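Taking it in order: structure first as C-alpha cells, then the write-up.
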Amino acid sequence: MRLLRRFGRFWWEFVVGDDWLVAAVVGLAIGATAALAAASVTAWWLLPLAVLLVLWLSLQRAIRSTD
Amino acid sequence: MSTPDVFLVLSAFLACAVEMVEALTIVLAAGLARGWRSSLAGLAAATVALAVAVAALGPALTVVPLQALRLVVGALLLVFGLQWLRKAILRASGYRALHDEDAIFASQLEEARAAAGVERAGLDWYGFTLSFKGVLLEGLEVVFIVLTFGSAQGSIPLAVAGAAAALVLVAAVGVAVRAPLARVPENALKFAVGSLLTTFGTFWAAEGAGAHWPGADASLLGVLGFVAASSASLVWLLRRRRLALRVAEAGS
C-alpha cells in the first residue's frame, strides 16, 4: 500500500509538478478548444491565451508563497 | 529538414543537455566521494534502464492514432513546458535563486562523504544508488520528451539523435573538466526548452482537440514567438515589480 502511494505520488509530482493550477487550466482550455471546434467555431486562439493566463496566475501564486 | 523537424531535434538536444548537466553533477559527486567504480556502475545501470524504457514504450506509442496521441502528448508537454517556463521566469526575475551547480555539487559531495559505507556485489552501495537514482530520475524526463515529441512528430529517431548529441557533448565536457558544468547558462537553456515544450504542447493539443492552425505547421513559429515574447514580458514585469518593492522598503 505504501509502495503504491509512493508510486502514485511520484507520477503526480512528475506530471502535475509544483502547481496543480497549471494542469487544471490546461485541461479546461483543451476541453473548451474541443467544444469550440466541435461547434465549427475557430478555436486555435484559445490555447495561446490560456498559456499566458495560467503562466501569470501561477507566477502570482509562487510569488505570494515566497512572501 | 522541415521546421517542426528542426524544432524536434533542438528540443530533444536542449532538454537532454539541461538534465544531463544535473545528472553529471550527481555522478561526479558520487565518483569523487565513494569511488568511480560504483558511480560508473550506477550510471551504466540507469542508462540500461532508460534504454529499456525507450525500447518498450517507443514502438507502443507508434500504434496509437495520431490525433489522440497529439491530444494527450500536447496536454502533457504543455504542463511540462509551463512548469519549466515558470521556474525560469521566477529565477530570471530574481524571485528564486539561480540554479547553482557548484553549491549543489559541494553539498552532495559532503553528504556522500559522510554516509556510512556498505558493500554489495563488490560495489559501494551508497555511491551506486546515488549515481543510479540521479541519472534515472533526470533521464526519465528526457525519455518522456524524446518519446512523446518523436511519436507525435512521427520521427522518434530524430528526437533520439538530438538527445544523443547532447549526451555525447555533456559527457565529453564532463570527462574533460571533471567538475560540475557551472558555466552552462542553465536558466537560459531552461527558458529555451520551456518555450519549445509549451509551443509544441499548444500546437499539438489544439490540433488533437480538433482546432486547425492558420498556416498549418508554419504557425509553430508564430506560437513560439508568442510564448517567447510573453515570457520575456513577464520577466520584465516581475523584475520591475521586485525593484519597486525594494525601493519602497528602503524608503520606509
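The values are calculated or read from the model by the stated rules, or taken from the named source; none is laboratory data. Everything numeric here is computed off the predicted structure, so don't read it as measured data. Cβ: placed from backbone, ideal geometry, glycine included. Neighbour counts: every protein chain shown.
Summary table
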{"read-out": "Residue count, region B:67-100 (criterion: more than 19 Å from the chain's Cα centre (by Cα) and assigned to a helix (DSSP H, G or I))", "value": "6"}
{"read-out": "Selection count, region B:124-157, where residues are out of contact with any Ser or Thr (no Cβ under 8 Å at 6 or more places or on another chain), under 17 Å from residue B:72 (Cβ atoms) and among the polar types (S, T, N, Q)", "value": "2"}
{"read-out": "Residue in region A:43-67 that is farthest from the chain's Cα centre (by Cα), counting only those that are more than 8 Å from chain B (Cβ to nearest Cβ) and of a type outside the set (A, V, I, L, M, F, W, C)", "value": "A:67"}
{"read-out": "Any chance residue A:40 is of a type outside the set (D, E, K, R), more than 7 Å from chain B (Cβ to nearest Cβ) and on the phi > 0 side of the Ramachandran plot", "value": "yes"}
{"read-out": "Some residue of region B:124-143 being more than 23 Å from residue B:29 (Cα to Cα), in a helix (DSSP H, G or I) and modelled with pLDDT of 80 or more", "value": "yes"}
{"read-out": "Matching residues, region B:202-220, being assigned to a helix (DSSP H, G or I), more than 23 Å from residue B:83 (Cβ to Cβ) and more than 9 Å from chain A (Cβ to nearest Cβ)", "value": "B:216, B:217, B:218"}
{"read-out": "Test: residue in region A:5-17 that is facing chain B (nearest Cβ under 7 Å), over 18 Å from residue B:195 (Cβ atoms), more than 15 Å from the chain's Cα centre (by Cα) and of a type in the set (Gly, Ala, Ser)", "value": "no"}
{"read-out": "Among the residues listed as B:234, B:238, B:243, the single one being on the phi < 0 side of the Ramachandran plot, free of Cβ contacts under 8 Å to residues at least 40 places away in the same chain and not in a loop (DSSP other than H, G, I, E, B)", "value": "B:243"}
{"read-out": "So residue B:194, is it modelled with pLDDT of 90 or more and either over 14 Å from residue A:48 (Cβ atoms) or out of contact with any Ser or Thr (no Cβ under 9 Å at 6 or more places or on another chain) (or both)", "value": "no"}
{"read-out": "Residue count for region A:1-27, restricted to those that are part of a helix (DSSP H, G or I), touching a residue at least 12 places away in the same chain (Cβ under 8 Å) and not hydrophobic (A, V, I, L, M, F, W, C)", "value": "0"}
{"read-out": "Residue under evaluation residue B:141, criteria (1) buried (at least 19 other Cβ atoms within 10 Å of the Cβ); (2) under 16 Å from the mean Cα position of the chain (by Cα); (3) within 20 Å of residue B:81 (Cα to Cα), criterion not met", "value": "(1)"}
{"read-out": "So residue B:64, is it on the phi < 0 side of the Ramachandran plot, β-branched (Val, Ile, Thr) and not in a helix (DSSP H, G or I)", "value": "yes"}
{"read-out": "The listed residue being aliphatic (A, V, I, L, M), in contact (Cβ under 8 Å) with a residue 60 or more places away in the chain and touching a helix residue (DSSP H, G or I) at 6+ places or on another chain (Cβ under 6 Å), out of B:71, B:10", "value": "B:71"}
{"read-out": "Tally of residues being facing chain A (nearest Cβ under 10 Å), over 20 Å from residue B:83 (Cβ atoms) and modelled with pLDDT of 85 or more across region B:227-248", "value": "2"}
{"read-out": "Verdict on residue A:62 being modelled with pLDDT of 95 or more and either closer than 22 Å to residue B:232 by Cβ or surrounded by 12 or more Cβ atoms within 10 Å (Cβ to Cβ) (or both)", "value": "no"}
{"read-out": "Selection from region A:35-51 of residues that are surrounded by fewer than 16 Cβ atoms within 10 Å (Cβ to Cβ) and of a type in the set (A, V, I, L, M)", "value": "A:35, A:38, A:39, A:41, A:49"}
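Residues are listed down the side, and each one gets a yes or a no for (1) under 30 Å from residue B:213 (Cβ atoms); (2) of a type outside the set (D, E, K, R); (3) away from chain A (no Cβ under 14 Å); (4) out of contact with any strand residue (DSSP E or B) (no Cβ under 6 Å at 6 or more places or on another chain):
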residue: B:16; (1), (2), (3), (4): yes, yes, yes, yes
residue: B:35; (1), (2), (3), (4): no, yes, yes, no
residue: B:67; (1), (2), (3), (4): yes, yes, no, yes
residue: B:84; (1), (2), (3), (4): yes, yes, no, yes
